[in-house]
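Participant: Sending over a structure as structure tokens; questions will come in a sec.
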Amino acid sequence: MRIGVLALQGDFSEHIAMLRRLQVDVVQVRLPEHLEQLDGLIIPGGESTTIGKLAVDFGLIEPLRQFGAHKAIWGTCAGAIFLSRDARRPQPLLELMDITVERNAFGRQIASFEVDLVVPELQLVDPSAQPYHAVFIRAPLIETVRGEARVLAQLDNGRIVAARQRHLLATSFHPELTDDDRFHRLFLHMASEVRQPRAAPV
Amino acid sequence: MEQQIATFAVKKGLAQMLKGGVIMDVVTPEHARIAEDAGAVAVMALERVPADIRANGGVARMSDPELILKIMDAVSIPVMAKCRIGHFVEAQILEAIGVDYIDESEVLTPADEAHHINKHTFKVPFVCGCRNLGEALRRIGEGAAMIRTKGEAGTGDVVEAVRHARAVLGEIRRLQAMPEEELMTFSKEIGAPYELVLETRSLGRLPVVNFAAGGIATPADAALMMQLGVDGVFVGSGIFKSGDPARRAAAIVKAVTHYRDPYILAEVSRNLGEPMVGRQISSIPEAELIAGRGW
């Protein structure tokens with residue numbers, strides 16, 4: 001399995017460290033040619049306006065859309081915003097997932113928080129059904145989920161913080177800032193489901 | 001399920017989101033929008049950039065909250081603001097207006113010549129400057145959730161930023177090679193909390209995000225600091241004291257992403273117009289240097 005991490009800006013090294021712990025071959029993606037031969041891509045947390053602008057400037061928008069049409073992509077926080085169809089303000093988006101997000105939905109940094117979530121989908125990779133301890137930093141909310149997208153996790157007040165649409169995954173929070181690797185394993189599972197077999201070595 | 005706010009993970013977490021990015025000094029909402037459009041990950045809201053503080057002299061204090069609030073309204077990215085070293089009431093005011101990060105900064109005139117703010121008691125996270133590992137770990141011990149090397153602000157001369165980054169990163173390399181029995185004496189010598197020395201040694205890096213600051217004026221300066229091993233850069237006077245701020249800001253953002261690609265660095269360095277004039281640090285009298293503030 002070879003997974004790319006979009007390394008334009010943000011906490012990509014935290015994702016890379018987690019993937020290496022899971023014995024995954026990792027590639028940093030800064031230019032379109034870095035997407036070749038990947039089985040999936042993670043878009044990290046960071047500033048979505050910065051990541052979007054750099055993706056436009058270096059010609060990554062169309063290649064990322066084509067990649068996401070048939071390969072797994074997971075966006076955390078800024079990455080989830082970037083994957084969305086609509087962020088309620090003009091900024092470059094991949095428009096791959098049928099979700100609408102609200103940026104900085106909880107307010108400023110002082111309102112950033114940690115909380116335990118119930119995420120039944122994680123039982124695909126871990127039968128324990130332990131609550132998932134999630135870290136939210138100036139986090140977005142997923143306001144609406146349409147079409148094939150479905151809700152994976154909600155806060156107590158019902159607001160949506162994780163969604164999946166076939167091989168695409170969006171989380172408002174940051175599994176890469178914790179030691180819990182279940183979301184990374186879920187993503188690897190999703191990537192393996194849509195993985196195209198590479199030519200076997202002769 | 002109960003939500004916990006203002007944990008150290010959450011404070012440190014915002015700095016982790018800023019990594020690989022450029023934080024720009026801005027003095028008006030218009031500047032803030034230019035910075036955001038250029039791809040800044042955050043802005044530092046100020047009344048005067050360090051080059052002007054240096055030129056004007058006098059006592060430099062926290063900016064007017066009205067100005068900071070206007071800048072907060074103008075952009076969607078995080079907004080930082082500076083308080084004086086040791087001035088915990090300025091910090092309380094900045095927390096009350098809701099800034100995303102406080103810089104307890106040597107660029108302003110210190111309010112306390114012996115003590116920094118106890119940053120653990122605040123909900124808002126703090127960034128602090130350092131010139132070496134001991135200073136960095138003392139600030140983290142006081143609760144700083146992000147560190148920046150100081151450099152010499154407002155000069156456009158990158159030499160001090162390089163000196164301070166090399167000092168911190170070099171001391172970490174030395175620490176990693178040190179046998180365990182020498183660690184307590186090392187902690188004593190650099191004046192750093194022992195537990196943080198142990199943590200830094202096992203991580204092979206500072207326990208919080210570490211940016212470079214002070215004198216960065218060009219895309220090449222920014223990429224130099226990144227290649228030395230920092231997580232991102234602050235650019236103060238270097239952008240809005242230059243001939244074409246929007247263009248230079250965007251170029252520095254690209255240089256921080258592609259800091260190892262000299263072809264892209266060459267491309268983004270072309271036609272940026274006049275850089276800030278700058279002052280060689282060796283020409284500045286000792287008493288006017290500000291990096292020495294902080295204890």
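Participant: Quick one: Cα centre-to-centre distance for region B:230-247 and region B:87-128, in angstrom?
Facilitator: Taking the Cα centre of region B:87-128 as reference, the centre of region B:230-247 is 23 Å away.
Participant: At q = 0.11 Å⁻¹, what is the base-10 log of I(q)/I(0) for region A:2-193 according to the Debye formula with one equal point scatterer per Cα and no solvent? Please give it to two decimals.
Facilitator: The Cα Debye sum returns log10 ratios of -0.41.
Participant: Something else: Treating only the Cα positions of region A:155-195 as identical point scatterers, give the base-10 log of I(q)/I(0) from the Debye formula at each q in 0.35 Å⁻¹.
Facilitator: -1.17
Participant: Under a 10 Å cutoff between Cα atoms, tell me which one of B:Y263, B:Y101, B:Y194 has the largest fluctuation in the Gaussian network model of chain B.
Facilitator: For chain B, modelled as a Gaussian network with Cα springs under 10 Å, the answer is B:Y263.
Participant: Taking chain B as a Gaussian network, where each spring joins two C-alpha atoms under 10 Å apart, which residue of B:I102, B:I252, B:I190 fluctuates the most?
Facilitator: Per the Cα network of chain B with a 10 Å cutoff, B:I190 tops the list.
Participant: Also: What FRET efficiency would be calculated for the residue pair B:E47, A:R195, taking the C-beta separation as r and a Förster radius of 56 Å, to the nearest 0.05?
Facilitator: Working: r = 55 Å, r/R0 = 0.98.
Here the calculated transfer efficiency is 0.50.
Participant: Run the quick spin-label model on B:Q3 and B:K123: label points 7 Å from Cα toward the beta carbon, then report their separation in nm to one decimal.
Facilitator: Label at B:Q3, label at B:K123, 1.1 nm between them.
Participant: If a/c stays under 1.5 just call it rounded; otherwise compare a/b with b/c (prolate if a/b is bigger, oblate if not). Do that for region B:215-284, with a ≥ b ≥ c from the square roots of the Cα gyration tensor eigenvalues.
Facilitator: Values: a/c = 1.86, a/b = 1.22, b/c = 1.53.
Oblate.
Participant: If you take the beta carbon distance between B:D37 and B:E199 as r and set R0 to 35 Å, what does 1/(1 + (r/R0)^6) give as a FRET efficiency, to the nearest 0.05?
Facilitator: Details: r = 39 Å, r/R0 = 1.10.
The value I calculate is 0.35.
Participant: In this model, which of A:K71/B:K123; B:K12/B:K241; A:K53/B:K241; B:K188/B:K254 are farther than 29 Å apart at the alpha-carbon?
Facilitator: Table pairs above 29 Å Cα-Cα are A:K71/B:K123; B:K12/B:K241; B:K188/B:K254.
Participant: Could you line up A:M18, B:M184 from fewest to most neighbouring Cβ atoms inside 10 Å? Intermediate results must be reported in sequence, preceding the final value.
Facilitator: Details: A:M18 23, B:M184 12.
Lowest count first: B:M184, A:M18.
Participant: Under 5 Å between amide H atoms, partner at least 5 residues away or on a different chain: which partners does B:M44 have, H built in plane at 1.01 Å?
Facilitator: Those lying under 5 Å, H to H, from B:M44 are B:M24, B:D25, B:V26, B:M80.
Participant: Would you mind telling me which residue in B:G134, B:G156, B:G57 has the biggest mean-square fluctuation in a Gaussian network model of chain B, where springs connect alpha carbons within a distance under 10 angstrom?
Facilitator: In this elastic network of chain B, the residue with the biggest mean-square fluctuation among B:G134, B:G156, B:G57 is B:G57.
Participant: Which order results if A:E14, A:E47, B:E189 are arranged by neighbouring Cβ count within 10 Å, fewest first? Show your work: numbers first, answer last.
Facilitator: Details: A:E14 22, A:E47 26, B:E189 10.
Lowest count first: B:E189, A:E14, A:E47.
Participant: Remind me, relative contact order of region B:140-263 in percent, using alpha carbon pairs under 8 angstrom and six or more residues apart? Mind dumping the intermediate values first?
Facilitator: Working: 188 pairs, mean separation 37.6, N = 124.
That works out to 30 percent.
Participant: Along Cα→Cβ, 7 Å out, is where each label goes; now give me the distance between the ones at B:E286 and B:R260 in nm to one decimal.
Facilitator: 4.2 nm
Participant: Reported to two decimal places, what Rg/Rh ratio describes region B:135-214 when computed on Cα atoms with Rh from the Kirkwood expression?
Facilitator: Working: Rg = 13.0 Å, Rh = 13.1 Å.
Taking Rh as the inverse mean 1/r over Cα pairs, Rg/Rh reads 0.99.
Participant: How about B:K150: which lysines have a C-alpha closer than 16 Å to its C-alpha, ignoring those fewer than 8 places off in the same chain?
Facilitator: B:K82
Participant: Classify region B:1-96 as rounded, prolate or oblate, taking a ≥ b ≥ c as the square roots of the eigenvalues of its Cα gyration tensor: rounded when a/c is under 1.5, otherwise prolate if a/b is larger than b/c and oblate if not.
Facilitator: Cα axes put region B:1-96 in the oblate bin.
Participant: Quick one: A:R85, A:R164, B:R260, fewest Cβ neighbours within 10 Å first, how do they rank?
Facilitator: Working: A:R85 17, A:R164 22, B:R260 12.
The fewest-first ordering by Cβ neighbours comes to B:R260, A:R85, A:R164.
Participant: Using only Cα atoms, locate the centre of region A:1-73 and the centre of region A:148-194, then give the distance between them in Å, rounded to an integer.
Facilitator: 16 Å
Participant: Quick one: putting +1 on the C-beta of Lys and Arg, -1 on the C-beta of Asp and Glu, what dipole do you get for the protein assembly as shown around its Cα centre, in Debye to the nearest 20? Spell out each step's value before the answer.
Facilitator: Working: 54 positive and 63 negative charges, 143 e Å.
Dipole size: approximately 680 debye.
Participant: Right, another one. Answer rounded, prolate or oblate for the protein assembly as shown, using the Cα gyration tensor with square roots of eigenvalues a ≥ b ≥ c: rounded when a/c is under 1.5, else prolate when a/b is larger than b/c, else oblate.
Facilitator: The shape class here is prolate.
Participant: At a threshold of 8 angstrom on Cα-Cα distance, excluding pairs fewer than six apart, so keeping six or more, what relative contact order does chain B reach in percent?
Facilitator: Working: 636 pairs, mean separation 58.0, N = 295.
Taking the mean separation of contacting Cα pairs over the length of chain B, I get 20 percent.
Participant: Across all directions of projection, what mean area in square nanometres is found for the Cα convex hull of chain B? Write out the running numbers ahead of the final one.
Facilitator: On the way: hull surface 63.5 nm².
Average projection, Cα convex hull of chain B: 15.9 nm².
Participant: From largest to smallest, what semi-axes in whole angstrom does region A:1-59 give when each is the square root of 5 times an eigenvalue of its alpha carbon gyration tensor?
Facilitator: Numbers: eigenvalues 78, 39, 8 Å².
Semi-axes (√(5λ), whole Å): 20, 14, 6.
Participant: A further question follows. Would you give the gap between the C-alpha center of region A:74-92 and the C-alpha center of region A:110-127, rounded to a whole Å?
Facilitator: Spelled out, the Cα-based centre of one part sits 20 Å from the other.
Participant: Next up: Near B:E182, within a Cβ-to-Cβ distance under 15 Å, what is the net charge of the other residues, with Lys and Arg +1 and Asp and Glu -1?
Facilitator: Details: positive: B:R173, B:R174, B:K188, B:R201; negative: B:E171, B:E180, B:E181, B:E189.
Summing Lys/Arg as +1 and Asp/Glu as -1 gives 0.
Participant: For region A:2-193, what does the relative contact order come out to in percent, with C-alpha contacts under 8 Å and a separation of six or more? Walk me through the numbers on the way to the answer.
Facilitator: Details: 416 pairs, mean separation 37.2, N = 192.
This gives 19 percent for region A:2-193.
Participant: Can you work out the Karplus-derived ³J(HN,Hα) for every residue in region B:213-223? Use 6.51 cos²θ - 1.76 cosθ + 1.60 with θ = phi - 60°, whole Hz, and x for glycine or proline.
Facilitator: Working through the residues one at a time gives 8, x, x, 7, 10, 9, x, 5, 4, 5, 5 Hz.
Participant: What FRET efficiency, computed as 1/(1 + (r/R0)^6) with R0 = 45 Å and r the Cβ-Cβ distance, is obtained for A:E95 and B:E181, rounded to the nearest 0.05? Walk me through the numbers before you get to the answer.
Facilitator: Working: r = 59 Å, r/R0 = 1.30.
The formula returns an efficiency of 0.15 here.
Where a number appears in this text, it was derived from the coordinates with a stated rule and is not lab data. In this text, all values refer to a predicted model and were calculated from it rather than measured experimentally. Every residue, glycine as well, gets a Cβ built from its backbone with ideal geometry; the counts of neighbours run over all protein chains shown.
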